[in-house]
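Enquirer: Quick one: structure below, then a few questions.
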Amino acid sequence: MTPTPEASRQEALRHDQRVDATALAAVDLGSNSFHMVVARELAGQPAIVDRVRDRVAIAEGLSPGGRLDAVAQARALACLERFRERLATVPEERRRAVGTATFRKLRDGGEFLARAEHALGMSIEVLPGREEARLVYLGVAHALGDLEGRRLVVDIGGGSTECILGQDYESYSEDSLAMGCVSWTRRFFPGGVVTQGGLERAELAARSELEPVVDRYRSSHWDHAIGSSGTIRSIAKILEVQQWSGGGVTLEGLDRLARTLIELGRPEKFDLPELRPDRRGVIGGGIAILRAVFTELGIRSMRPSKGALREGVLYDLLGRMYDDDIREASVRRFAQRFGADMDYADQVRRTTFALLAGLEGSLEVTRRDRMLLGWAALLHGIGLSVSYSGYHKHGAYLVENADLAGFSRQDRHQLALLIRCQRHTLRPELLAGLPGERMLAMRSLLPPLRIALCLHRDRSPRKPVLPELRYAGSRVRLLFPEGWLAEHPLTSTDFDEERAFLAPMGIVLEVK
């Protein structure tokens, strides 16, 4: 078989570039800028060796209907192709790419996401708002070191603003608000021109956005206020150099900066060396949001932090590599919240994994898919807390709409699909929204879970007899010890029904 040009290019890259086994990489696809950090792992910690930043401003190309215009798409894809070259030296399992607010808003996100992943050469996780906030806090916490006490962390991005409360390395309250420096500038400061009226309207709108969460983040709930975004760091630098604050960001300093920008009017007149040219056009939205945050939350001063989302992604990646994966704890807490019998759920997972292990050589299962399947086994029964009737649908709905720490939007959706497809008839349209390769992977994962649930129908604590499981194309073959099925007529009947349930998906079940 002749390799495709793309396959040949990838093979050339593998030979031409030295892969560094200690390298780590995080790609942060924000609404204003795309960032990439490359690190080396030293004593279990990431040491940054390279940073790449490109102001892509995809939020500027987003229509109210959630469409991304061709110009913004072209900027994004060109940037991702540049990132891809640098990522070639980083092992695939030691890099992550995440998309934030604008990716969440895309109506045609599936099509653009596929093109973006092709340009970058790796999958892109679309983060739910609260998961973005959790990772922001993780990056900030590691940058702060030993700062004691409760922290309020505020991150003003291009399309969203995150507010987080936490202590040490753990966050305990996270919110993502639909306002950012790019979206607010487009809405209230056309062309980046800062006016008094625009500033007042922008602040009032930001205060309205903050209103539902104000009580959680007032000054009585924290000891230190930290700002983590490029917008906040730029403002802090201006106030420091101009000597408009006694350190960090203050409301008095913000007021003086706002008055200065109103007097100057247009962005090109902002003669502030500390303000990068690519940030001048969106600073008005950032100032309005930050002033509203100060006013509503009772902040007197805010300390800027170098840590942010991309550093949080690096630390989270290390946690996944060294069995400190927050997703496992998140799933278990969620299962217990809905009254799941965890001993039974663990039994189902062990049996599912045992069946899956028997497929080695006939089915290639990624680590990610194995973990998703295990979590589906742990959560398969949570819908019983709603009703026995249709509990697989109830469980899928709960997972699809939950804030599960550590999960991207895609993984949460696929976990929900596994739960939805655990019983009754499998219809092809249930998986129709997935990309082709993911549809095939999910289709292959379903039989081990469904078979494990059949074997555990009696919910007995004893270990079930495991059949030999084989895949042969679309055929799934189960081989039981001779005479076992005759001694277990209920289980035998269950597998007769499974044949009919699996058939619409093109899966042929043979039981002997």
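Laboratory data are not the source of any read-out in this text; all were calculated from the coordinates shown. What you see is a predicted model, and the numbers here were worked out from it, not measured in a lab. Using ideal geometry, Cβ is built from the backbone for each residue, glycine included, and neighbour counts are taken over all protein chains shown.
Enquirer: Taking only the alpha-carbon atoms of the stretch 346-487, what semi-axes of the equivalent ellipsoid follow from 5 times the gyration tensor eigenvalues under a square root, in whole Å, largest first? Each step should come with its number before you reach the end.
Expert: On the way: eigenvalues 118, 72, 37 Å².
Semi-axis lengths for the stretch 346-487 are 24, 19, 14 Å.
Enquirer: Can you list which of the chymotrypsin sites (Phe, Trp or Tyr not before Pro) found in the stretch 293-344 are DSSP loop residues with at most 11 other C-beta atoms within 10 Å? Write out the running numbers ahead of the final one.
Expert: Values: sites: Phe294, Tyr315, Tyr322, Phe334, Phe338, Tyr344; in loops: Tyr322, Phe338.
Filter output for the stretch 293-344: Tyr322.
Enquirer: Using Cα positions and a limit of under 27 Å, work out the lysines in reach of Lys269, with same-chain residues fewer than 8 apart set aside.
Expert: Lys237
Enquirer: How far is it, in nm, from the label point at Thr493 to the one at Tyr322 when both lie 7 Å from their Cα along the line to the Cβ?
Expert: Computed distance between label sites Thr493 and Tyr322 equals 5.4 nm.
Enquirer: Using only the Cα atoms of the chain, what do you get for the radius of gyration and for Dmax, in Å?
Expert: When restricted to the Cα atoms of the chain, Rg and Dmax are 25.8, 89 Å.
Enquirer: Taking only the alpha carbons of the stretch 129-314, what extent do you get along each of the three principal axes, in Å, biggest first?
Expert: Largest to smallest, the principal-axis extents are 42, 32, 30 Å.
Enquirer: If we count other beta carbons within 10 Å of each Cβ, what is the order of Trp484, Trp244, fewest first?
Expert: Listed from fewest to most nearby Cβ atoms, that is Trp484, Trp244.
Enquirer: Share of antiparallel DSSP beta bridges in the chain, in percent to the nearest 5?
Expert: Roughly 70 percent of the DSSP beta bridges within the chain come out antiparallel.
Enquirer: What list of ³J(HN,Hα) values in whole Hz, one per residue of the stretch 499-512 in order, does the Karplus curve 6.51 cos²θ - 1.76 cosθ + 1.60 (θ = phi - 60°) give from phi, with Gly and Pro shown as x?
Expert: 4, 6, 5, 7, 4, x, 8, x, 9, 9, 9, 10, 10, 9
Enquirer: Let me ask another. Report the relative contact order of the stretch 324-464, percent, no decimals, based on alpha-carbon pairs under 8 angstrom and at least 6 residues apart.
Expert: That works out to 28 percent.
Enquirer: In sequence order, what are the phi-derived ³J(HN,Hα) couplings for the stretch 202-210 according to the Karplus relation 6.51 cos²θ - 1.76 cosθ + 1.60 with θ = phi - 60°, rounded to whole Hz, with x for glycine and proline?
Expert: Rounded to whole hertz, the list is 5, 5, 4, 5, 5, 5, 5, 5, 6.
Enquirer: For the stretch 157-195 and the stretch 65-101, write down the distance between their C-alpha centroids in whole Å.
Expert: 22 Å
Enquirer: Also, I was wondering about something else. May I ask you to derive the FRET efficiency for Ser301 and Ser387 from their Cβ-Cβ distance with R0 = 30 Å, giving the value to the nearest 0.05? Before the final figure, lay out the partial values.
Expert: On the way: r = 52 Å, r/R0 = 1.74.
Calculated value: 0.05.
Enquirer: Using only helices, what value at 222 nm comes out for the chain when you add -39,500 (n - 2.57) per DSSP H run of length 4 or more and divide by the total residues, to the nearest 500 deg cm²/dmol? Can you show the working numbers first?
Expert: On the way: 21 runs with 249 residues, N = 512.
Taken over the chain, the calculation gives -15000 deg cm²/dmol.
Enquirer: So for the stretch 5-126, what are the equivalent ellipsoid semi-axes in whole Å, largest first, each being the square root of 5 times an eigenvalue of the Cα gyration tensor? Mind showing how you got there, number by number?
Expert: Details: eigenvalues 143, 56, 25 Å².
Those come to 27, 17, 11 Å.
Enquirer: Can you list residues from other chains, or at least 5 along the same chain, whose modelled amide H is less than 5 Å from the amide H of Val49?
Expert: Val38, Ala39, Arg40
Enquirer: Taking neighbour Cβ counts within 10 Å as the exposure measure, how do Thr425, Thr260 sort from fewest upward? Please report the intermediate quantities before stating the final value.
Expert: Working: Thr425 13, Thr260 16.
Neighbour counts put them in this order, fewest first: Thr425, Thr260.
Enquirer: With a cut-off of at most 12 other beta carbons within 10 Å, and DSSP calling the residue loop, which GluC sites (Glu not before Pro) in the stretch 97-181 qualify? Please list them.
Expert: Here the sparse-neighbourhood loop sites are Glu148.
Enquirer: What distance in nm lies between label points placed 7 Å from Cα along the C-beta direction at Asp69 and Asp146?
Expert: 5.3 nm
Enquirer: Shifting gears a bit: Arrange the peptides 377-389, 261-273 so that the one whose residues have, on average, the most other Cβ atoms within 10 Å appears first.
Expert: 377-389, 261-273
Enquirer: While we're here: Spelling out what I want: for every residue of the stretch 135-140, take phi, set θ = phi - 60°, compute 6.51 cos²θ - 1.76 cosθ + 1.60 (Karplus), and round to whole Hz; glycine and proline get x.
Expert: Result, ordered by residue: 5, 4, 4, 4, x, 5 Hz.
Enquirer: Which far-off residues, 5 or more places away or on another chain, put their amide H under 5 Å from the one on Ser173, with H placed in the peptide plane?
Expert: Answer set, sorted by chain and number: Leu165.
Enquirer: I've got another one for you. For the chain, with the dipole built from +1 on Lys and Arg beta-carbon atoms and -1 on Asp and Glu ones, taken about the Cα centre, which of Leu135, Pro212, Ser389 lies farthest toward the positive end?
Expert: Going by the Cα projections, it comes out as Pro212.
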